[in-house]
Every structure is written in C-alpha cells, then in structure tokens.
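A.B. asks: One structure, pasted below without further comment.
Computed from the coordinates by the stated procedures, all read-outs in this text should not be read as laboratory data. Computed from a predicted model, the values in this text were never measured in an experiment. In this analysis, Cβ positions are derived from the backbone assuming ideal geometry, glycine residues included, and neighbour counts consider all displayed protein chains.
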Amino acid sequence: MVLSLGLTCCVPQHADEVNMLVTTADRSFDLTAQSLKFDEGSETASAVIRLDTTTRYQTMDGFGAAITGATAYNLSLMPDSVRRTFLEETFSPQKYGFSYVRVAIGCSDFSLSDYTCCDQKGIENFALTTEETKYVIPALKEILSINPALKILASPWTCPKWMKVEDLKTRKPYDSWISGQLNPDYYQDYATYFVKWIDAFKQAGVTINALTVQNEPLNRGNSASLFMGWEEQRDFVKTALGPALRKHFPDVKIYAFDHNYNYDNMADQEDYSLKIFADADAKQYFAGTAFHNYGGNRSELLDVQSKAPDMELVFTETSIGTWNQGRDLSLALTRDMAEVGLGTVNNGCKAVIVWNLVLDSERGPHGGPGACATCFGAVDVDNRTYSEITRNSHYYLLAHLASVVKPGATRIATSGVGEDGVSYSAFENTDGTLAFVLCNDKDETRRFTVTDGLRSFTYEMPAKSVASFRWKK
C-alpha cells in the first residue's frame, strides 16, 4: 500500500549522524528510515569497509523506470490523491528521488495498441497519438512538476511500417509490426521522424535528454520490433540521425545498441557498439552504449568499457516476472540489488533504468504477440480500485540507490570486505555528502563498520536485506 509521505528520508539533518533506509526480504523493515551515530574511538572488530574519495569512477546520471503507455494508463486510473502521493514519494528528491525515466518513441510492447506517430505514408503526416497526448505526456508533466531535473531517455520499438523492408537485398516492402528492417531509402525521413517527435514533446513541455536508436535491435520477435544490425545502425546515425540531431537538438545524447550482454548469441553482432565506434565519422554522434540483461553476463560492461573508455555506459532495461519471481522478496530483493543495482553501477553504468514503473495486478495492459504477458511492474496496482500499490524488488533497489545517490554523484573506491553474498558501492554527492549502499544476501545478521577515513559507523545488517546510508563528511 502507499505509505504516508514524509519528505526527509535520507537527507542528512545533522553532521553527527548517518541517515539511512533499510528493507528486509520479509518486509519487517520496508524502506524504514533510521539514523545512526558515528562510532566513538577506533574501528570495531566487525567487518570493516573503507571508502576512498581519492579514487573516482563514473559520474551518475540517475535511476528510474520506464513510463510506458501501460504505466501512464494505470497512473491515469488511480485516484488523484493516490497517484500524487505515489509519484511524490517516488520522484521527489527529498524522498526516494527517482531521476531518470525511459519512454517509447511510438508504441512499445506495453502500449495500448501497435502504432507509430506516422502510420500514414509520408513524413508530413507525423502527429502524436492519443497514447502520448492523453497518457504519457500528462504523466511525465506531473512527474516533472515534482522533480524538474528529471532526465528522459527515449527509444523506438519500430519505424513506421511503410519504411520497412523484408531484407536489405531485395528491399521488398514488409507490412508488419514485428521484425523487418529499415529501408535505407528512408534514412532521412526516419531521422526527421525522430526530430519531429522530440520537438512535439518539447512543445508539450517535456524535454528529451537522450535516446537509443532502436530498442533491442537484434530481437525480431517483439511486438513491435525492427531488426537493425550494427552496420545499419552505424550508417543510419552517420548519414542521417546524427547530423539531424546535431542541427536541431545537439544536447540530446545518442546511445548505441540497447540490447543484451550476449548480443543474442549472434557472432556477427558481438561488440556491436565497439564496431560502430571504430568508424570515427559515426562515433562522433554517440555518447556511449546501452545494455539490457536478458542474456549474458554483466562482465560485458567492463569489457566494453575497457575497449572504449571514453564512451559512457547506461543500463536501460530489465524486467521481473513470473519466471524470476520478482514479487517474492525472499528471492528477489537481494538478488536484484546485487545483479541489477550494484552490479551494473560497479561495472561502470552511469544510469540504471528498469522496465515498467507500474503494471496492474493482471500484469498489464500489454501488447499482442511477442509482448511480455508474464511481466510485473516495479510496482503493481490493484486493478479493482487502483488504490492499493505493492512494491516489488525493482522498486526497492531503485529507491535505495536513488534516495542517497543523487544526479552528479561520483562513484568512489571501496575496500575491505570481499565475500560471496555481500555487495556494496559508495559515492560522493555534489553537495559533499557521502552515500553508501549495502546488500546482505546471507541468511544471518552481519555486523559491518563503514569508515570514510575520518569517521566510522557500525550497523547490524539484518539477514537478506538492503540498506542505504548518507552522511555529511
């Protein structure tokens, strides 16, 4: 259920205390706010974790979830007071502070129908649809009223069908929402489509900060979808999209790939973004690489970073569902924090965005064939009254990170405890506060001491729990 809103969860109030949140798998602690005093004297005999502010890694852009058509529709059905309370506690920088969301350019597999914003042939026929004007944009504007610094990343699931061909050799027209490829004859029109879409959102009061060229470009089976190999993405961006954005929206970042760590086991698509970046004319338009985790291992993040250290990494999609029991915190809370939250950040990601923020209690609404009928949202809302909200594992990992790690924070080095079942990460915020997030996947309570080199504090970490801490240096 929705908790009453108290907008001081992890903002340090006093220099002599540590503000924190803790969640346990049994929900006996449920984003429970606490405060700790710094230890007197020397470090205790417990496991000691040391923070090193002199060794610095990536700067963080934020954490959040996707505002899909389904999410926006579910939000619209909530009573106004329930929706407002939920959005305020989720996005307010003084509460859980979600700060980055993802939206679809046209439909996704969690839309109310399959569509693009130019289904009638001819780019002059571009127009936003009811899904944007009635649901997605109002949801984004309400969120922006709560957190004006919110960043928004956009991704298309398909180009308009009239731009599709069955293959690039025959260029036979392909009239289907699922699969197909972008006809190179329409590169310029499709680049114009992106520009028109970004401008339409701008005119509606919503600024787009970044985009990916194609959601899951190696997935031919999603509803909707478009296959786009690395050479196609390179050529489209180099000849059309990159120049168009540089002319009209030069501040919008472009991220390559936006798919799985294992490149869907397609040998010719391995190192997708790295192959694009090898072309200097294409690389100039990209900020970095976006990844999902539906296949492969997050070690791919470090591999890509080592080969393109000047390019950014962002994590843009993961889901929970019946297959991985994301509603069962005894299984999912610490698992998902270690893998999706801390795992991606500790491997170099500047942002972490999960899939749907809100689905209903029947896992919808979702699209047709190829869409996920077994996904849960970061939260689920009961579709009888749209008033009862249940937080799932992804909500907790985002809330624990975003509540203490603010946009612009820099990840810093840590050392001292290296054992299976314990994971953590530390950051320095732009206001000088330090943030630390700790995950205890063990079945027993563990005592930890955290030191920043000047002061330390000790915490009895419950079994199967996540805790986040913030304090003034």
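A.B. asks: What net charge is computed for the residues neighbouring D175, neighbours being all others with C-beta under 9 Å from the C-beta of D175, Lys and Arg scored +1, Asp and Glu -1?
C.D. replies: Working: positive: K161, K164; negative: none.
Local net charge: +2.
A.B. asks: Sequence-distant or interchain residues sharing an amide H contact under 5 Å with L226, placed H: which?
C.D. replies: S179
A.B. asks: Work out, step by step, the length gained on full extension between N262 and T410: first 0.36 nm times the residue separation, then minus their alpha carbon distance; give nm to one decimal.
C.D. replies: On the way: separation 148, 0.36 × 148 = 53.28 nm, distance 2.80 nm.
Here the answer is 50.5 nm.
A.B. asks: Also, quick follow-up: Measure off 7 Å from each Cα along the Cα-to-Cβ vector at N125 and E17, then give the distance between these two points in nanometres to one decimal.
C.D. replies: 6.3
A.B. asks: Could you check what % of the DSSP bridge pairs in the chain are antiparallel, to the nearest 5? Intermediate values should be presented prior to the final figure.
C.D. replies: Working: 49 of 85 bridges.
Antiparallel bridges make up about 60 percent of those DSSP assigns within the chain.
A.B. asks: Taking H as built 1.01 Å from N, whose amide H comes closer than 5 Å to the amide H of V417, not counting residues under 5 places away?
C.D. replies: For V417, the qualifying residues are R50.
A.B. asks: Summing -39500 (n - 2.57) over the DSSP H runs of n ≥ 4 in the chain and dividing by its residue number, what mean residue ellipticity at 222 nm do you reach, to the nearest 500 deg cm²/dmol?
C.D. replies: Values: 12 runs with 103 residues, N = 473.
The helix contribution divided over the chain gives -6000 deg cm²/dmol.
A.B. asks: Please work out how much length the chain gains when fully extended from D443 to T207, using 0.36 nm per residue of separation minus the C-alpha to C-alpha distance, in nm with one decimal.
C.D. replies: Details: separation 236, 0.36 × 236 = 84.96 nm, distance 4.50 nm.
Working it through step by step, the gained length comes to 80.5 nm.
A.B. asks: Return the loop-located trypsin sites (Lys or Arg not before Pro) in segment 335-426 (DSSP other than H, G, I, E, B) with at most 10 other Cβ atoms within 10 Å of their own Cβ; answer none if there are none.
C.D. replies: Working: sites: R335, K350, R363, R384, R391, R411; in loops: K350, R363, R384.
For trypsin sites (Lys or Arg not before Pro) across segment 335-426 that sit outside H, G, I, E and B with at most 10 neighbouring Cβ atoms in 10 Å, the list reads R384.
A.B. asks: Net charge near T24: determine it from the other residues with C-beta under 10 Å of the C-beta of T24, scoring Lys and Arg +1 and Asp and Glu -1.
C.D. replies: Numbers: positive: R27, K464; negative: D26, D30.
Local net charge: 0.
A.B. asks: When the chain is fully extended, how far beyond the present Cα-Cα distance does E166 get from Y294, taking 0.36 nm per residue of separation?
C.D. replies: On the way: separation 128, 0.36 × 128 = 46.08 nm, distance 2.59 nm.
Extra length from E166 to Y294 when fully extended: 43.5 nm.
A.B. asks: So what's the net charge close to D80: Lys and Arg +1, Asp and Glu -1, counting the other residues with Cβ under 13 Å from its Cβ? Don't jump to the answer; show the numbers that get you there.
C.D. replies: Details: positive: R83, R84; negative: E88, E142.
That sum, taken over residues with Cβ under 13 Å, equals 0.
A.B. asks: Do any GluC sites (Glu not before Pro) in segment 26-99 lie in a loop, going by DSSP, with at most 11 other beta-carbon atoms within 10 Å of their beta carbon, and if so which? Don't jump to the answer; show the numbers that get you there.
C.D. replies: Working: sites: E40, E43, E88, E89; in loops: E40, E43.
Taking segment 26-99 and a limit of 11 other Cβ atoms within 10 Å, the loop GluC sites (Glu not before Pro) found are E40.
A.B. asks: Now for a different question. Considering only Cα-Cα distances, which of the following residue pairs are longer than 20 Å: K238/K283; K169/K283; K307/K406; K161/K247; K95/K134; K169/K247? Before the final figure, lay out each step's value.
C.D. replies: Values: K238/K283 8 Å; K169/K283 26 Å; K307/K406 28 Å; K161/K247 26 Å; K95/K134 27 Å; K169/K247 31 Å.
With Cα atoms farther than 20 Å apart: K169/K283; K307/K406; K161/K247; K95/K134; K169/K247.
A.B. asks: Work out the charge dipole of the chain with +1 on the Cβ of Lys and Arg and -1 on the Cβ of Asp and Glu about the Cα centre, then indicate which of M78, V48, G122 is farthest towards its positive end.
C.D. replies: Going by the charge dipole, the pick is G122.
A.B. asks: On to the next question. Which GluC sites (Glu not before Pro) in segment 199-297 pass both tests, a DSSP loop state and at most 15 other beta-carbon atoms within 10 Å? Let's see the in-between values first.
C.D. replies: Working: sites: E231, E232, E270; in loops: E270.
For GluC sites (Glu not before Pro) across segment 199-297 that sit outside H, G, I, E and B with at most 15 neighbouring Cβ atoms in 10 Å, the list reads E270.
A.B. asks: Now, a different point. Once each part is reduced to its C-alpha centroid, what is the distance from segment 329-379 to segment 129-195 in angstrom?
C.D. replies: 22
A.B. asks: Separate question: Which whole-number percent gives the relative contact order of the chain, counting Cα pairs below 8 Å spaced six or more residues apart?
C.D. replies: Numbers: 1137 pairs, mean separation 109.7, N = 473.
Reported relative contact order: 23 percent.
A.B. asks: Sort out for me the Cα centre separation of segment 415-432 from segment 54-110, rounded to whole Å.
C.D. replies: 25
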